[in-house]
Amino acid sequence: MQRMRALRKTSPDKAEIQQVPVPEPAADQVLLQVSAAALCGTDLHIYRWNAWARGAGIQLPRIMGHECCGEVVAVGENVFGLAIGDKVAVETHLPCGQCLQCRIGEQHICNNLKLFSIHTDGCFAEYTTVPEICARKIPQEISSRVGAIMEPLGTALRSVLESKVAGATVLVTGCGPIGLFAVASASTLGASRILASDVSAPRLEIAGRMGAHRILDPGREDPVEAVLAETGGYGADVVIEASGSITAIQQAFRCLRKGGRVALVGLPSMPLELEIGKAVVFKEAKIIGIHGRTMFDTWTRMENLLVSGKLDVLPAITHVLPLDRWQEGFDLALSGTACKVVFEP
Ligand code: ZN
């Protein structure tokens with residue numbers, strides 16, 4: 001049996017590169033040779049085995065990683081839409097295909113949703129298997145590195161698409177990868193003015209390069225006052241909340257103009273208090289929850305924008321490392337030094 005190197009979470013306090021068998025694709029799956037795989041905050045939660053990871057239903061040992069790009073090297077007997085040699089990016093929401101949501105075109109929020117690398121083995125490995133429906137064929141002109149970050153980019157792009165940013169003032173709170181991708185997407189989709197907030201100076205610097213007109217550090221200035229000052233006292237038309245910080249979420253509603261739209265992308269670690277009357281009802285705030293990408297409208301638009309050159313996300317990829325140096329990549333991400341880390345197996 002052919003073997004491969006894979007980064008496995010083996011126990012609550014350990015992750016390591018191991019030699020494991022190359023997986024066989026099931027009838028509805030393809031086998032990918034991974035060309036690039038990106039590190040996500042979720043991987044860090046699993047690595048540290050925090051409260052979220054302990055409660056996520058992950059069975060160890062598990063191959064880590066879910067954001068990836070690869071080449072199809074084998075197909076299951078019921079796969080008809082993909083062929084050996086196709087370049088694909090992976091959609092990580094694995095739908096059941098049978099439930100109400102799946103039948104009305106909302107498979108990305110399937111009632112029986114499974115997540116790649118949570119409920120299955122992931123892609124920090126030389127090979128990985130994914131269901132055909134989640135292997136999105138992409139054009140060769142999209143590089144493997146960009147292919148590997150299409151999953152988080154799609155989340156950001158969708159938050160911007162759904163909050164209608166053309167001609168609008170947009171505030172992006174949190175400039176991790178998703179926030180930075182939201183800044184770039186808002187710029188591409190015609191936002192007239194983009195404000196971006198984060199407590200990390202290097203991330204704010206990248207936000208400036210990706211299209212933010214005004215960067216603000218909540219550690220140095222009051223973000224609500226700053227946004228109101230920038231918008232004639234009205235507040236931003238759109239807020240994309242990508243930090244998951246409870247304070248930032250509460251402030252997002254104070255930064256929003258009456259009638260404005262808030263896209264919530266970041267995940268807070270606990271319940272939070274919000275004065276619904278003031279923050280939502282009297283303000284007529286439109287709240288849009290975003291869990292991933294629509295399958296596959298978001299993917300199609302994202303691909304078109306990347307191929308046309310209108311959407312540039314490369315500044316957010318700060319480190320590219322061989323998979324053997326995974327520890328270094330995880331440490332860089334945990335320390336906040338890195339933005340997006342991409343591994344090449
Ligand atoms: Zn379903």
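Side notes on the structure shown:
- For Cys96 and Ala26, the difference between the fully extended length at 0.36 nm per residue and the C-alpha to C-alpha distance is 23.7 nm.
- The angle between the Cα long axis of helix 150-162 and the longest principal axis of the Cα atoms of the chain comes to about 30 degrees, rounded to the nearest 10.
- From phi via Karplus (6.51, -1.76, 1.60), per-residue ³J(HN,Hα) for region 37-43 in Hz, x at Gly/Pro: 9, 9, 8, 10, x, 4, 4
- Within-11-Å neighbourhood charge of Leu216 [Cβ basis; K, R +1; D, E -1]: -4
- Annotation: amide H-H contacts under 5 Å for Val172 (H modelled 1.01 Å from N, sequence separation of 5 or more, or interchain): Leu195, Ala196, Ser197, Ile240.
- Principal semi-axes of the equivalent ellipsoid, √(5λ) from the alpha carbon gyration tensor of the chain, are 34, 21, 19 Å from largest down.
- Using the 1.4 Å probe convention, the accessible area of the chain works out to 43 Å² per residue with neighbouring protein chains retained.
- Computed extension length for Ala56-Val73: 3.1 nm, one decimal, from 0.36 nm per residue of separation with the Cα-Cα distance subtracted.
- Portion, in percent, of the accessible area of the chain that falls on carbon or sulfur, probe 1.4 Å: 51
- Annotation: the antiparallel percentage among DSSP beta bridges lying fully within region 156-289 is about 0.
- Crossing angle, helix 177-188 versus the chain [Cα axis fit, 0-90 degrees, rounded to tens]: 70
- In units of the compact-protein estimate 2.2 N^0.38 Å, region 91-193 shows a Cα radius of gyration of 1.24.
- The GluC sites (Glu not before Pro) of region 121-192 that DSSP puts in a loop, and whose beta carbon has at most 12 other beta carbons within 10 Å, are Glu141.
- For trypsin sites (Lys or Arg not before Pro), the sites in region 199-304 that DSSP calls loop and that have at most 12 other Cβ atoms within 10 Å are Arg220.
- Against the chain, whose longest principal axis comes from its Cα atoms, helix 326-335 is set at around 10 degrees.
- Taking the inverse of the mean 1/r over every pair of distinct Cα atoms in region 1-160 gives a Kirkwood hydrodynamic radius of 16.0 Å.
- Karplus (6.51, -1.76, 1.60) ³J(HN,Hα), θ = phi - 60°, over region 166-172, in Hz, Gly and Pro reported as x: 4, x, 10, 8, 10, 9, 10
- Distance in nm between pseudo-label sites at Thr10 and Leu267 (7 Å out along the Cβ direction from Cα): 2.6
- Relative contact order (%) - the chain, alpha-carbon pairs under 8 angstrom, separation at least six: 17
- Environment charge at Leu274 (Cβ cut-off 13 Å; Lys +1, Arg +1, Asp -1, Glu -1): 0
- Region 156-289, Rg to Rh (Cα coordinates; Rh as Kirkwood inverse mean 1/r): 0.92
- Electrostatic bookkeeping for Arg257 treats Lys and Arg as +1 and Asp and Glu as -1; over the other residues with beta carbon under 12 Å from its beta carbon, the sum is +2.
- For the pair Ala229 and Ile84 in one chain, pulling the backbone fully straight at 0.36 nm per residue adds 46.6 nm over the alpha carbon distance.
- Backbone HN-Hα couplings from phi across region 48-64 [Karplus 6.51/-1.76/1.60, Hz, Gly and Pro as x]: 7, 6, 7, 4, 4, 5, 4, x, 8, x, 8, 9, 8, x, 9, 6, 7
- Restricting attention to the chain, close to 55% of DSSP beta bridges with both partner residues there are antiparallel.
- Distance between modelled label sites at Leu334 and Asn111, nm, 7 Å Cα→Cβ extension: 4.1
- Residues whose amide H lies under 5 Å from that of Leu256, counting only those 5 or more places away or on a different chain, are Ala236; hydrogens are built 1.01 Å from N in the peptide plane.
- Long-range HN-HN contacts of Val130 with modeled amide H, under 5 Å: Val30, Leu32
- GNM result for the chain, Cα springs below 10 Å: residue of Ser35, Ser163, Ser308 fluctuating most strongly: Ser308
- Count of lysine pairs in the chain with Cα separation under 21 Å (8 or more residues apart, or interchain): 14
The values are calculated or read from the model by the stated rules, or taken from the named source; none is laboratory data. What you see is a predicted model, and the numbers here were worked out from it, not measured in a lab. When we count neighbours, we look across all protein chains shown, and the Cβ atoms used for this are built from the backbone with ideal geometry, even at glycine. Remember, those area values only see protein heavy atoms, side chains included, never the ligands or the DNA or RNA. Shrake-Rupley method; radii C 1.70, N 1.55, O 1.52, S 1.80 Å.
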